[in-house]
Amino acid sequence: MYPGTFAKTSPDRPAVVMGGSGEVVTYRDLDARSNRFAHLLRDQGLRPGDTLAVLSENRPEVFDLAWAAQRSGLQLTMVNHHLTVEESAYIVADSGARVVVATSALAETARGLSPDRAPGVERRLMIGDAAVPGWERYEDAVAGLPGTPIPDECEGDIMLYSSGTTGRPKGIRREVTGTPIGSYPDVPGHWLRETLGMRPGDVYLCPAPLYHAAPLAWSMACHRSGTTVVVMERFDAEQALRLIERHRVTHGQWVPTMFVRLLKLPEAVRRRYDLSSLRWAVHAAAPCPVPVKQKMIEWWGPLLYEFYSATEGIGATAITSEEWLRKPGSVGRPLMGTPHVLDDDGEELPPGEVGVVWFEGGTPFEYRGDPGKTAAATDRRGWRTVGDMGRLDEDGYLYLTDRATNMIISGGVNIYPQEVENALVLHPDVADAAVFGIPDEEMGEQVKAVVQLEVGSRADRDTAERLFEHCRAQLAGYKCPRSLEFTRDELRSPAGKVRIGPLRERFGSGPGPFVRGTGPAAKPSR
């Protein structure tokens, strides 16, 4: 199934409702609007396997674009709208996008996606009234095009970006096979329908950015199920409760940071809203602290459903609230594929021992333009990994013990230390840098940098502020260090590897003396 199915059977049912503005897009509207853009893409010469790039905040047009790409057999690359111009241009160019769509709110970023930075782009379309040279108004471009399907509809896929071995993002690409529309192997939809009981007419709350894999994929899976998707323009804890009550939300997807913010609401606010319609609260993206999950189950009841997976689709595990209360901290048993925990030699470890988590089965993929990374993620048996560390217990439940390649997860968002280190070492005061996550009560983790100074540079507040400002100019804000410490010691081994263990022991207990946005240091740096 797909939106066209429900455009015929339930044309007036809302497919999308915007939580803030209240704007409604029916299944009839979604079908016609995505058809119009699909015609534009075909008229532009895009064929199955080609790429469409989109830069957008959460707004209803995202689904017009996503479904147009999906029913045209294209690869859809959503670009995180918090990225800098340079970061965005790299992804657009690397993806091979022939058409790019941006919104007026992101006009400054769009202005930087010039032909010299993204030479493969043939057409640039702007949603809204911002006038940017070289960009056409999207609404004018699709006006008058047919609202009926293109004659050669076929299933596309999503190609989102994850960090590469050097810190540069890499597109996670699955083969587009040209299968007929409606025949997509809809794994999230299968889980929603078969495991979580989603039916046509149910209501799903999407409180997270649609440029992330799970919010977009699960929202589109809802459209294959005849469900109404309520989209929050941005997350606000009380508004989320208000929307659950107002729209009688039955399902929703969360990250642990949202749970933390919900639990911080005053008791009177938490009791104000009727949440009785909620049947399942799905959460993923980052490990959920045990006390936080316990409090959420006490409040909402045993309706939390946690899953562990990756954008790569290598496999998945899941756990219900009842299971989790017996196995606190676990991310569950197999849902897709079979997990194995291996040692450094690729041999299977017994229950209880920590190693690298690999999955047998799952979805084949490649890292676009990086055959080395693709090969490193696959072993001789065809099992795949993203580098997460964990252990299995005697009952086959998986527990994660570390992050993939020391990745930082802050508020459910992946931050790759290498990318931040690469930015820091460009500054003249910096000889070397090491970046890692430290605990943060609300966000799960925050970014901390340890900087080895050049000879003659001062370990003081002025230097720290220059480095904070330098990072803000180089990186999206959420990637920038929240705190840093200075050292004169070497940060790397003779082999060039960051001494991450000793650095965590020495500097990982807290933010340290230089915290972004605070006053003079409270103590001297080490």
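Just so you know, all these numbers are worked out from the coordinates, no wet-lab data involved. Note that the coordinates shown come from a computational prediction; the quantities given were computed from them, not determined experimentally. Here the Cβ is made from the backbone with ideal geometry for all residues, glycine too, and neighbour counts use every protein chain on show.
Could the peptides 459-470, 250-261 be put in order, highest first, of the mean number of other beta-carbon atoms found within 10 Å of their residues?
Values: 459-470: 17.3, 250-261: 22.8.
Final packing ranking: 250-261, 459-470.
Hey, could you grab the Kirkwood Rh for the chain? Inverse mean 1/r over distinct alpha carbon pairs, Å, one decimal.
Averaging 1/r across every pair of different Cα atoms and inverting gives 24.3 Å.
Label-point separation (nm) for Asp152 and Ser183, each offset 7 Å from Cα along Cα-to-Cβ?
Placing both labels 7 Å beyond Cα along the Cβ direction yields 1.6 nm.
So in the chain, which Cys have no other cysteine's beta-carbon sitting under 4.7 angstrom from theirs?
So far as the 4.7 Å Cβ criterion goes, Cys154, Cys206, Cys222, Cys288 stand without a partner in the chain.
In debye, nearest 20, what is the charge dipole magnitude of the chain about its Cα centre with +1 on Lys and Arg Cβ and -1 on Asp and Glu Cβ, if you could check?
That gives a dipole near 760 debye.
Tell me, what is the Rg over Rh of segment 311-470, with Rh the Kirkwood radius over Cα pairs?
That ratio is 1.07, to two decimals.
Counting only helical runs of four or more DSSP H residues, what would the 222 nm mean residue ellipticity of the chain come to if each run contributes -39,500 (n - 2.57) and the total is spread over all its residues?
Rounded to the nearest 500, it is -8000 deg cm²/dmol.
Please compute the modelled spin-label separation between Glu298 and Ser104, points set 7 Å along Cα→Cβ, answer in nm with one decimal.
Calculated label separation equals 4.8 nm.
By how many degrees, 0 to 90 and rounded to 10, does the Cα axis of helix 237-247 deviate from the longest principal axis of the chain?
20 degrees
Using only the alpha-carbon atoms, how far is helix 61-71 inclined from the longest principal axis of the chain? Give it as 0 to 90 degrees, nearest 10.
Once rounded, the angle reads 70 degrees.
Which angle from 0 to 90°, rounded to the nearest 10, does the C-alpha axis of helix 461-474 make with the longest principal axis of the chain?
For 461-474 against the chain, the angle is about 30 degrees.
Calculate, for Arg506 and Gln44, the FRET efficiency according to 1/(1 + (r/R0)^6) with r their C-beta to C-beta distance and R0 60 Å; round to the nearest 0.05.
Working from the Cβ atoms, E equals 0.60.
Students often get this wrong, so check it: of Lys264/Lys293; Lys293/Lys327; Lys327/Lys479; Lys264/Lys295, which have C-alpha atoms separated by over 23 Å?
Beyond 23 Å: Lys327/Lys479.
Testing the spin-label approximation: label points 7 Å from Cα along Cα→Cβ at Ala376 and Tyr478. State their distance in nm.
Between Ala376 and Tyr478, the simple spin-label model gives 2.4 nm.
Can you tell me the mean projection area, over all orientations, of the convex hull of segment 128-208's alpha carbons? Units nm², please.
Averaging across all directions leaves 10.3 nm² for the Cα convex hull.
How many Å³ per residue does the convex hull of the Cα positions in segment 28-175 occupy?
101 Å³
Contour minus end-to-end for Glu353 and Ala131, with contour as 0.36 nm per residue of separation and end-to-end as the Cα-Cα distance? Please list the in-between numbers first.
Numbers: separation 222, 0.36 × 222 = 79.92 nm, distance 5.84 nm.
Fully extending the segment from Glu353 to Ala131 adds 74.1 nm.
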